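Okay, structure first, notes after.
The values are calculated or read from the model by the stated rules, or taken from the named source; none is laboratory data. Quantities reported herein were computed from a predicted structural model and do not represent experimental measurements. All Cβ positions, glycine included, derive from the backbone under ideal geometry; neighbour counts span all protein chains shown.
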Amino acid sequence: MRLIPGISPRELKRMLKRMGIDLVELRDVEEVVIKLRDKEVVLSSPQVMVLDMGKQKVFQITSREVVERERVVEEAIEFSEEDIEFIIEQTGASRDKAIEALKKAKGDLAEAIIIIREGRV
């Protein structure tokens, strides 16, 4: 836990304490994920230090294992109860299958019926 070269961790903690800042290391952190609009940055086996300054906390994260991966964001689509019931009446499908078909069809009732009848759910 050497944050500043030349200063021991114990000495650093004492100095920060005098300034009203508490320094704590989070233990057993498996990974940290930073979610961006189009990707995620995954830090495996990181060392995480928390500087607690009263109303504000500062996290310092270090890791040798960094992986970037594409992020797929699923849009949340809500369906009316009438649409769900309509699909159930027309197809005889279960409620879960009707909702799944509506999701696949992005709310298009006719397409949802076709999806169920073709067995794609």
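Table for the structure above
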{"quantity": "Qualifying residue in region 39-62 (condition: hydroxyl-bearing (Ser, Thr, Tyr) and either at pLDDT below 90 or at positive phi (or both))", "calculated": "yes"}
{"quantity": "From the options LYS39, LYS35, LYS17, residue that is under 24 Å from ILE4 (Cβ atoms) and of a type in the set (D, E, K, R)", "calculated": "LYS17"}
{"quantity": "Those residues of region 24-69 which are hydrophobic (A, V, I, L, M, F, W, C) and in contact with a Leu (Cβ under 7 Å, 6 or more places away or on another chain), in sequence order", "calculated": "VAL32, VAL48, MET49, VAL50, LEU51, VAL58, ILE61, VAL66"}
{"quantity": "Hey, GLU78 surrounded by fewer than 10 Cβ atoms within 10 Å (Cβ to Cβ) and modelled with pLDDT of 95 or more or not", "calculated": "no"}
{"quantity": "Test: residue in region 33-47 that is surrounded by fewer than 14 Cβ atoms within 10 Å (Cβ to Cβ) and without any contact (Cβ under 8 Å) to a residue 12 or more places away in the chain", "calculated": "yes"}
{"quantity": "Unmet requirement for GLU70, which otherwise passes all of (1) of a type in the set (D, E, K, R); (2) under 30 Å from PRO46 (Cβ atoms); (3) surrounded by 15 or more Cβ atoms within 10 Å (Cβ to Cβ)", "calculated": "(3)"}
{"quantity": "Test set (1) in contact with an Asp or Glu (Cβ under 7 Å, 6 or more places away or on another chain); (2) surrounded by 12 or more Cβ atoms within 10 Å (Cβ to Cβ) - LYS13 fails condition number", "calculated": "(1)"}
{"quantity": "Every residue from region 1-31 that is free of Cβ contacts under 8 Å to residues at least 12 places away in the same chain and not charged (D, E, K, R)", "calculated": "ILE4, PRO5, GLY6, ILE7, SER8, PRO9, LEU12, MET15, MET19"}
